[in-house]
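The values are calculated or read from the model by the stated rules, or taken from the named source; none is laboratory data. Here the structure is a predicted model, which means the values were calculated and not measured. Please note: Cβ atoms are built from the backbone with ideal geometry, for glycine as well, and neighbour counts cover all protein chains shown.
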Amino acid sequence: MYDNLLQLINIHKSFPGVKALSGVNLTVRAGQVMALIGENGAGKSTLMKVLTGIYQKDEGEIIYLGNKVNFYGPKSSQEAGIGIVHQELNLIPQLSIAENIFLGREFTNKFGCIDWKKTYAQADKLLAELHLDYDSRRLISDLSIGEPQMVEIAKVLSFNSKVIIMDEPTDALTDTETVSLFKVINKLKKQKGGVVYISHRLKEIFEICDEVTVLRDGQFVGEKKLIN
Ligand SMILES: Nc1ncnc2c1ncn2[C@@H]1O[C@H](COP(=O)(O)OP(=O)(O)O)[C@@H](O)[C@H]1O
Ligand SMILES: [Mg+2]
């Protein structure tokens, strides 16, 4: 038996002219990776945006750590311990890796000024945990394909979230980066965190996920355990 960290129950969401979600359920259990699959347009990203407060649901319930909750923006869900790596990147190209990771929460010294040395050192440490040896002083615009996505992942990990959502995280990653990501996911599982893993890559799903939830055209098709 695994404890439920998070439950989305009977979620409905419409956009003008589109019923994006209709009666969708999703459960995230401690120490488990839940795959979320379905064709393009099935509603996967919308469901995760409803969860993290980017969109407001029309109907349904969100139970997080035993309490009914509703988030009114990504900041509030992040503060509650739900982190999301979006399908689209949210980094500022003109800023460094460290500035992006700690934007708005940089370390300060006793004079109240930003302690850049510490901010860069902490960012380097996070990158090292992901087996990345790039200098956190580098600008995002100077990174090559795959690297910004890893920075985005490092940023989400830096919040020590209880639940982490990864929306098609490996699309831009190299094989080596994917291996590093999977090591991190396994570590999160050992720490009893929960992960939602959105992907259309079945090989990856069988490798890293414990269960799967299937959506089709905004509808909940079912949930199943995976044997791996
Ligand atoms: N902001 C939006 N405004 C209008 N329609 C949207 C918006 N976001 C998503 N949709 C629609 O909702 C449906 C589900 O989209 P999405 O959640 O992105 O699917 P998936 O991530 O599974 O590919 C699609 O029909 C999409 O066009
Ligand atoms: Mg999507």
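Report, by residue number, each residue of the range 192-212 that is charged (D, E, K, R) and part of a strand (DSSP E or B). Listed by number, the list holds a single entry, Glu211. Of all the numbered requirements in (1) within 13 Å of ligand 1 (Cβ to nearest atom); (2) part of a loop (DSSP other than H, G, I, E, B); (3) more than 17 Å from Gln78 (Cα to Cα), Gly31 misses one, and that requirement is (1). Phe206 - would you say it is without any contact (Cβ under 8 Å) to a residue 24 or more places away in the chain, closer than 26 Å to Val24 by Cα, out of contact with any Lys or Arg (no Cβ under 8 Å at 6 or more places or on another chain) and not charged (D, E, K, R)? The answer is yes for Phe206. Could we say that Val184 is loosely packed, with under 15 Cβ neighbours inside 10 Å, away from ligand 2 (no atom under 15 Å from the Cβ) and among the β-branched types (Val, Ile, Thr) here? For Val184, the condition - loosely packed, with under 15 Cβ neighbours inside 10 Å, away from ligand 2 (no atom under 15 Å from the Cβ) and among the β-branched types (Val, Ile, Thr) - is not met. If you go through the range 67-74 one residue at a time, do you hit one that is of a type in the set (D, E, K, R) and modelled with pLDDT of 95 or more? Among the residues of the range 67-74, at least one is of a type in the set (D, E, K, R) and modelled with pLDDT of 95 or more, which makes the answer yes.
Going through the range 92-126 one residue at a time, which ones are of a type in the set (A, V, I, L, M) and surrounded by fewer than 19 Cβ atoms within 10 Å (Cβ to Cβ)? Within the range 92-126, Ile92, Leu95, Leu103, Ile114, Ala121 qualify. Selection within the range 12-66: residues that are among the polar types (S, T, N, Q) and under 20 Å from Gly193 (Cα atoms). The member of this set that is farthest from ligand 2 (Cβ to nearest atom) is Gln32. In the set (1) within 11 Å of ligand 1 (Cβ to nearest atom); (2) surrounded by fewer than 16 Cβ atoms within 10 Å (Cβ to Cβ); (3) more than 18 Å from Glu204 (Cβ to Cβ), the condition left unmet by Asn40 is number (3). The single condition from (1) surrounded by fewer than 15 Cβ atoms within 10 Å (Cβ to Cβ); (2) within 30 Å of Arg137 (Cβ to Cβ); (3) touching a residue at least 40 places away in the same chain (Cβ under 8 Å) that Asp58 fails is (2).
When only residues in the range 110-132 that are in a helix (DSSP H, G or I) and charged (D, E, K, R) count, which is modelled with the lowest pLDDT?
The qualifying residue modelled with the lowest pLDDT is Glu129.
Counting the residues of the range 133-170 that are surrounded by fewer than 20 Cβ atoms within 10 Å (Cβ to Cβ), more than 16 Å from ligand 1 (Cβ to nearest atom) and assigned to a loop (DSSP other than H, G, I, E, B) gives 12.
When Ile9, Ile54, Ile63 are screened for being part of a loop (DSSP other than H, G, I, E, B) and either touching a helix residue (DSSP H, G or I) at 6+ places or on another chain (Cβ under 9 Å) or away from ligand 1 (no atom under 16 Å from the Cβ) (or both), only Ile54 passes. Annotation note: of Leu188, Leu181, Leu173, Leu215, the sole residue that is touching a residue at least 24 places away in the same chain (Cβ under 8 Å) and in a loop (DSSP other than H, G, I, E, B) is Leu173.
Remark: Tyr134 falls outside the filter, which requires a residue to be farther than 20 Å from Ser180 by Cα and among the hydroxyl-bearing types (Ser, Thr, Tyr).
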